[in-house]
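Novice: This is the structure, below, for whatever I ask next.
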Amino acid sequence: MSKTGVKIFAPASVANLACGYDILGLALEKPGDDIIAHFTDTKGLKITKITGSKKQLPKEVEKNTAGFAALKMLEHLGESERGIALEIHKKMPFGSGLGSSAASAVGGVMAINELLGRPLTKREMLPFAVLGEQVADGSYHADNVAPSLLGGIIFIRDNATLDVHRIPNPKGLQIVCVYPHIKILTKDARDILSDQTTLKKTITQTGNLGGLIVGMYNADLDLISRSLNDVIIEPQRAKLIPGFYDVKDAAMNQGAMGCSISGAGPTIFAICPNTLIAENAAAAMQSAFHNNKIKSDIFISPINQNGSYLY
Ligand code: HSE
């Protein structure tokens, strides 16, 4: 890239991690989006190019996740008059549950920040990226944006104040994501959820959430595995994904530590202790989808420790 242009990689992410609806997420090393920004002579921010998306993404800055995130950050910096062109190159499936809109929002703020000589830290950019993602699904939660930006596994104690915390992870974990070619809108997958649950399920879920975090800190794979269970959200969303339980069984039978829906779906993720189990689990999961007459794509990645970066 020339001195007047920057190119950013913003990775996909897996939100919820079974027991942490809206409050846990991790970053993948791949896939991810590329966002390019450069200065122009015309006033204001413009989106000049979008590639790689079958869905027609809006080029209007205010309606685009990357554009809106970038715009809000430029306003904060008092730079909204600056002539800047953004290019968005989608390199991951959209509407897949892999945090595609979050990655674009992260890429938008990162690109602006790099172009302007890094006025903000990543933590300071986080609210603007979350505002960008909010354009896509209407709610303010950072479980895709925070890991995509910061890397690693992120626990969000409180979304409203973005009280986010990095959780360490044991070495060698591999994340399998199998994306079935079916459509689920995040908004629909959120709207079907009941706002009621039982005390019993709340106790089980919070026990698993605590167990998962302690397991990650202590590199206790058995504890992580016992904790990767969702008794509240997964049972309500499983019906949106034909063959969900076949796919989950296939992953677990190959030695996955846990398997659930990635974000709002339809991608199903499995956390595996090593590459061999990950490859076997991925093949078995794809075959289970195939038996349900659904085509799918496989992504296998370690946990991305660095989040979004400048090329
Ligand atoms: N936590 C969110 C959900 C992620 O499951 O709906 C998708 O935005």
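Novice: So what are the ³J(HN,Hα) numbers for region 29-45, from phi and the Karplus equation (6.51, -1.76, 1.60; θ = phi - 60°), rounded to whole Hz, Gly and Pro as x?
Specialist: Values, residue by residue: 6, 8, x, x, 9, 9, 10, 10, 9, 8, 6, 10, 7, 8, 6, x, 8 Hz.
Novice: To make sure I understand the rule: partners must be lysines, Cα under 29 Å from the Cα of Lys59, and not fewer than 8 residues away in the same chain. Which ones qualify?
Specialist: Lys3, Lys7, Lys30, Lys43, Lys46, Lys49, Lys72, Lys90, Lys91, Lys122, Lys183, Lys187
Novice: Follow-up. Please report the accessible area of Met252 (heavy atoms, 1.4 Å probe, ligands and nucleic acids excluded) in Å², nearest 10.
Specialist: For Met252, solvent-accessible area is about 70 Å².
Novice: If you don't mind, another one. Given a cut-off of under 8 Å on Cα pairs at least six residues apart, what relative contact order in percent is computed for region 1-42?
Specialist: Working: 60 pairs, mean separation 19.2, N = 42.
Relative contact order of region 1-42: 46 percent.
Novice: At 10 °C and 1.306 mPa s, grab the translational diffusion coefficient of the chain from Stokes-Einstein with a Kirkwood Rh over Cα pairs, rounded to a whole number in µm² per second.
Specialist: Stokes-Einstein gives a translational diffusion coefficient of 82 µm²/s.
Novice: So, one more: Region 65-91 to region 177-228: how many Å between their Cα centroids?
Specialist: 33 Å
Novice: Next question. Take the Cα atoms of region 174-302, find their three principal axes, and give me the spread along each one in whole Å, biggest first.
Specialist: Extents along the principal axes: 38, 35, 20 Å.
Novice: If you don't mind, another one. What percent does the relative contact order of the chain come to when contacts are Cα pairs within less than 8 Å and at least six residues apart?
Specialist: Here the relative contact order equals 24 percent.
Novice: Within the accessible area of the chain, what % is carbon and sulfur when the probe is 1.4 Å and the other protein chains stay in place?
Specialist: 53 percent
The values are calculated or read from the model by the stated rules, or taken from the named source; none is laboratory data. Values in this document were obtained by computation on a predicted structure and should not be read as measured data. In case anyone asks, the SASA skips ligands and DNA or RNA and just uses the protein heavy atoms, side chains included. Shrake-Rupley method; radii C 1.70, N 1.55, O 1.52, S 1.80 Å.
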